[in-house]
1. Are any residues in region 41-78 free of Cβ contacts under 8 Å to residues at least 40 places away in the same chain and part of a helix (DSSP H, G or I), and if so, which ones?
2. Among the candidates 75, 121, 125, which residue alone is within 15 Å of residue 6 (Cβ to Cβ) and either at pLDDT below 90 or not aromatic (Phe, Trp, Tyr) (or both)?
Amino acid sequence: MIVLALVASGSTILCETHDPEHERFLTASETILGRIPPNASRLSYSFEDWLFHYVSEDGLVFLCAADGGMGRRLPFAFLSEAQKKFLATFDSTLLASPEPSDFVSYKTTLESLVSRFNHDPQSDPVKAAQKELAGVKDIMTQNVEQILNRGERLDLLMSRTDQAANQSMAFRKRAVGLRRQMWYKNVKVMAMAGFCLLVLFIILGAIFSQ
């Protein structure tokens with residue numbers, strides 16, 4: 001099931017719709033948008049039992065989040081259909097300098113597509129979209145598998161900043177601990193040296209007193 005769908009220009013979301021129960025996926029999508037290269041690409045990111053799929057072309061990104069059980073062909077067929085309808089609705093002049101307020105009307109189209117692909121995947125329009133996508137299936141699958149095989153996981157990506165902060169804190173703690181250990185060692189060495197000197201003075205004093 002598709003629970004989120006959006007259209008973005010670079011990292012700026014122009015229009016989106018999502019299931020309120022999956023609000024956190026919107027934040028995750030913003031993270032993904034910040035990582036998408038400017039060149040044309042079709043990829044997926046895994047997150048727990050979910051997959052975020054996107055198509056990036058000519059500065060526009062069409063992205064959706066769906067459960068892993070839906071596979072990849074149907075979500076990418078959805079993205080292809082969303083892309084086709086979006087480009088047919090808005091002219092190139094508007095897309096040259098897009099503003100989110102200009103694309104509010106497309107949300108209804110996006111919601112309609114999500115409903116159709118979720119509840120009637122055997123309908124003729126959906127089958128037609130899947131058939132149209134079949135020509136790029138091999139390239140798409142190869143690109144997706146390259147990402148998944150590298151273990152590129154969104155949960156790690158989202159917590160990278162926190163991990164760096166924790167590592168920095170742990171390093172500082174280790175540094176403090178090491179300084180303390182060196183201080184104790186220095187105190188021990190100085191104490192031993194002082195004790196040896198004291199013994200030496202006692203011995204020398206005993207010798208000279210004779």
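1. Of everything in region 41-78, those that are free of Cβ contacts under 8 Å to residues at least 40 places away in the same chain and part of a helix (DSSP H, G or I) turn out to be 68, 69.
2. Details: 121 fails: within 15 Å of residue 6 (Cβ to Cβ); 125 fails: within 15 Å of residue 6 (Cβ to Cβ).
Exactly one residue qualifies, and that residue is 75.
The values are calculated or read from the model by the stated rules, or taken from the named source; none is laboratory data. Note that the structure is a prediction, hence the values are computed from the model and not measured. Positions of Cβ are generated from backbone atoms using ideal geometry, with glycine treated the same way; all protein chains shown enter the neighbour counts.
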